[in-house]
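So the structure is just underneath, and the comments pick up after that.
The values are calculated or read from the model by the stated rules, or taken from the named source; none is laboratory data. Values in this document were obtained by computation on a predicted structure and should not be read as measured data. Reconstructed Cβ throughout: ideal geometry from the backbone, glycine too, with neighbour counts over all protein chains shown.
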């Protein structure tokens, strides 16, 4: 039973446009959410996080939105750049736990 | 500063053999994690160390898997009697201690294990 779901395996976006990556979760005990970016043959790189007490967190071109009632979060990248092309993983942490539960990832391709 | 390093980067072994995978965390990070990533999947949690002790080993799939961190820094993941299903990328991560746990984990490049 997957507790963190990224239903889009891939996404293509034109350079300069907005990229929106989505993530759904089922465990209401999750209280901290993170997005990681992964290039081939490298480990995941932390991008941005959000605590369950917030509904939005912004860092430069990256914004994460959290909708707790819908158990849904999204990552917005504006404007998208070719260097953003990578696999993006959504991850969640349960209250009182230190382990992260990851989705399967979404491969983003930004087309010049 | 230096990030998380893992050795070897690639390991090919025969079914039934024993392997050790090493992780050097970021200096000063007291928390260390092991994850396993199979093809087409996200990383899956294996074990978490706070200092020298395994605070959570609930993700270890069976008793063939064992990990140590004797001095609270370097960690070794040990797999006995390897099986083909153990083939995956093994990722190590570290983070500073945070009582709330609200701190991102920094990942190494991983060790790709192939069991033939």
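Of the set (1) in a strand (DSSP E or B); (2) surrounded by 16 or more Cβ atoms within 10 Å (Cβ to Cβ); (3) more than 10 Å from chain B (Cβ to nearest Cβ), all apply to residue A:58 but (2). For residue A:64, the conditions (1) under 11 Å from the mean Cα position of the chain (by Cα); (2) within 26 Å of residue B:58 (Cα to Cα) all hold with the exception of (2).
Of the residues that sit in the range B:102-116 and are modelled with pLDDT under 95 and part of a loop (DSSP other than H, G, I, E, B), which one is farthest from residue B:3 (Cα to Cα)? Per the criteria, the residue is B:102.
On inspection, residue A:91 does not qualify as away from chain B (no Cβ under 14 Å) and at pLDDT 95 or above. The residues of the range A:9-51 that are surrounded by fewer than 18 Cβ atoms within 10 Å (Cβ to Cβ) and within 14 Å of another protein chain (Cβ to nearest Cβ), listed by number, are A:9, A:10, A:27, A:29, A:39, A:40, A:41, A:42, A:45, A:46, A:51. Within the range B:1-14, residues that are exposed (fewer than 13 other Cβ atoms within 10 Å of the Cβ) have Cβ atoms under 6 Å from residues that are in a loop (DSSP other than H, G, I, E, B) in these pairs: B:14/B:116, counting only partners at least 6 apart in sequence or on another chain. Would you call residue B:26 buried (at least 20 other Cβ atoms within 10 Å of the Cβ), within 21 Å of residue A:102 (Cβ to Cβ), within 14 Å of another protein chain (Cβ to nearest Cβ) and in contact (Cβ under 8 Å) with a residue 12 or more places away in the chain? Here the answer is no, as residue B:26 does not meet what is asked. Among the residues of the range B:31-58, those identified as without any contact (Cβ under 8 Å) to a residue 24 or more places away in the chain, at negative phi and facing chain A (nearest Cβ under 8 Å) are B:41, B:42, B:44, B:45, B:48, B:55, B:56, B:58. Taken over the range B:9-27, residues that are at pLDDT below 95 and farther than 26 Å from residue B:97 by Cβ amount to 0.
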